[in-house]
Amino acid sequence: MDKRKTITLLSLLTMTAMSSHAVELNEAQLVEWAKGESFNSKRISLDSLAKKAELAAFNDKFSYTADVSASYSKTDETSFSTFAAPTTPVKNAELKITRPTKYGVAASVSTYSNQVTNSFFTKGTTTAVGAEISVDLYKDIMGRITRTQEKSLTLKSEIAEKEKEITTHAYVQEVRKLYWKLVANNESLEIAKGLLKTAKDLKPIL
């Protein structure tokens, strides 16, 4: 196995006297560990997630919303005149769908149904459909403030993501430097052991 790619570390165990175990490490393993264990990277990742959540919450304000209402009323009163009979039961239902936009305009469509019963007709139903547009003419005219907020939140999210990438990359580079220092030390140790063995082998001859 290539010693420049894998190093072996001997770790002394304090619980068992003079016992040790070998741990093999390679560059890829250390890089993966560094990406997951960097404290600064985790902190910035948390900040990045927070910025993305803020942007998502902002965009949620411009999704469709539906308002539904219904009512039912009935009376047991008795009329003294056939020409003034009580209207019962009365049923009402309404559905309204609204969509705000980022340009200071909100649009909505609605449908309405009313059903009544009396001595003149049974289940007389009235249905209507309508549309509505509301425009902010003061604070957020043409959505200037809204779109500025969107750009700001988007930029903050992108900056947080880039900071995460930069911090993780810098940490990985430091780990790689440390790894290659360990490789160099490991090879120096092997060379020293080889020279020592050679010296011992030459000593009887001298």
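Observations, loosely collected:
- Proximal charge balance of T117 [Cβ under 15 Å; K/R count +1, D/E count -1]: +1
- Reachable aspartates and glutamates from K181, criterion Cα separation under 17 angstrom, eight or more residues apart if same chain: D2, E24, E27, E190
- Here K102 is the anchor, and the lysines within straight C-alpha reach of less than 23 Å, apart from those fewer than 8 places off in the same chain, are K51, K52, K61, K139, K151, K156.
- Backbone amide hydrogens, once placed in the peptide plane, bring G104 within less than 5 Å of G143, excluding anything fewer than 5 places away on its chain.
- Cα-based shape type of region 94-206, given that a ≥ b ≥ c are square roots of the gyration tensor eigenvalues and the cut on a/c is 1.5: oblate
- Pairwise FRET efficiency - Y64 versus S152, Cβ, R0 = 41 Å, nearest 0.05: 0.95
- Proximal aspartates and glutamates relative to K96, as straight alpha-carbon distance under 17 Å, when same-chain residues fewer than 8 apart are discounted: D67, E132
Throughout, read-outs are computed from the coordinates displayed, never taken from laboratory work. Remember, predicted model here, so these are calculated numbers, not experimental data. Using ideal geometry, Cβ is built from the backbone for each residue, glycine included, and neighbour counts are taken over all protein chains shown.
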